[in-house]
Each structure stands twice: as structure tokens, then as C-alpha cells.
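Worksheet: one structure, shown below.
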Amino acid sequence: MKKTLRILFGQRVKELRIATGMSQEAFADLCGFARSYMSRIERGGSNASLDAIETLADALKVEPSRLLASVPPETELVDLMVPYAADGSCFHPGLASARDGSFAVGEKGSQKRFSSFEDALEYLGSMETAKWRRPNRSGSIGIVSAVRWDKLRK
């Protein structure tokens, strides 16, 4: 089922808010919104006005257009180097958690969560052996290790 633009917008606002470390209530206060309105925006239950979008973007210190982009545009992914596991799978934007849009990377027991694909990828690049969470063929979540880095395939 295709997600509506309101739901995608709300997920992106929530993802960026979490990256700031602010609670929903603190962020709503910063924007001058009621917490209940912020909750509706993040759940995709409110049709944010252009003024509200501008306020949210200002508070998040991003261009308003970034609030409509859940993953980097295709042009930003061209020639992007990512880690690949032995089974041929790679670290990619589609691995964001359905719960909060974050990316889990690192060793079991000491994983770090990043709200953006780019930040998680940068951290993976700093590791001796890149490791990240992803579902296997049976749907179970596991940690895989990189065996090589290569261009991200579309």
C-alpha cells in the first residue's frame, strides 16, 4: 500500500526532530504549536499548511523541500559507495526502521542509531569492519558485516 504524502511528510519531520534530540513536546514549543498538533503532523493525520511547513523547516534548520524527501534524491545516490555483505546485499536507504526511520549500525550490543542514511553511512566508513542491521531472507533481523565497498546499485 502506497503511503500518502502526509504520512511521508510526518515521518520525515519526526526523523529530523529525533536527530535534534528534542522531545515532541519541546519541539512543538519551539515551533509555537500545540503538542497534539505536532503529534498529528508526525502521524500524517494533519494537513500542514505552507506556513507550518516553513516553521518546521526553520526549526529543523533545513530547506522546506527536505521535509518532503524521505530518502536522498536519485541524483544524490549516484556514485555513492556503500558496504556490501557476502550475500550481495548492501547498506541502503530502504533499511530505515519502520518504527522511527533510524538506521542501526555497529556491533551487537553496542549498536548506534542514526536518523539519517548519510550519518549512518559515515559511521560505517569509520569502522574497521562495517556492520549493520537488516532483515534476512526469512524476515528476521540480523547483523551483517561488510566484505567490500562498492557503488550503490539502483
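Annotations
- Unique match (being at pLDDT 90 or above, more than 16 Å from D119 (Cβ to Cβ), of a type outside the set (D, E) and touching a helix residue (DSSP H, G or I) at 6+ places or on another chain (Cβ under 7 Å)) among A85, A34: A34
- Taking segment 100-154 as the range and being within 21 Å of K14 (Cβ to Cβ), touching a strand residue (DSSP E or B) at 6+ places or on another chain (Cβ under 9 Å) and part of a loop (DSSP other than H, G, I, E, B) as the test, the residues that pass are D100, S102, Q111, S115, S116.
- Total residues in segment 106-154, condition hydroxyl-bearing (S, T, Y), over 19 Å from the mean Cα position of the chain (by Cα) and buried (at least 16 other Cβ atoms within 10 Å of the Cβ): 0
- Residue pairs meeting the criteria (Cβ under 7 Å; at least 6 apart or on separate chains; first closer than 18 Å to L50 by Cα, in segment 2-22; second modelled with pLDDT under 80 and of a type in the set (S, T, Y)): L8/S70; Q11/S70; R12/S70
- Residue satisfying condition, being farther than 28 Å from G21 by Cβ and modelled with pLDDT under 90, within set G101, G94, G109, G142: G142
- Taking residues in segment 115-131 that are assigned by TED's automatic domain parsing to the domain that holds G142, and partners anywhere that are part of a helix (DSSP H, G or I), the pairs with Cβ atoms closer than 6 Å and at least 6 places apart or on different chains are S115/E15; S115/I18; S115/A19; F117/P93; A130/L124.
The values are calculated or read from the model by the stated rules, or taken from the named source; none is laboratory data. Quantities reported herein were computed from a predicted structural model and do not represent experimental measurements. Positions of Cβ are backbone-derived with ideal geometry, glycine not excepted, and every protein chain shown enters the neighbour counts.
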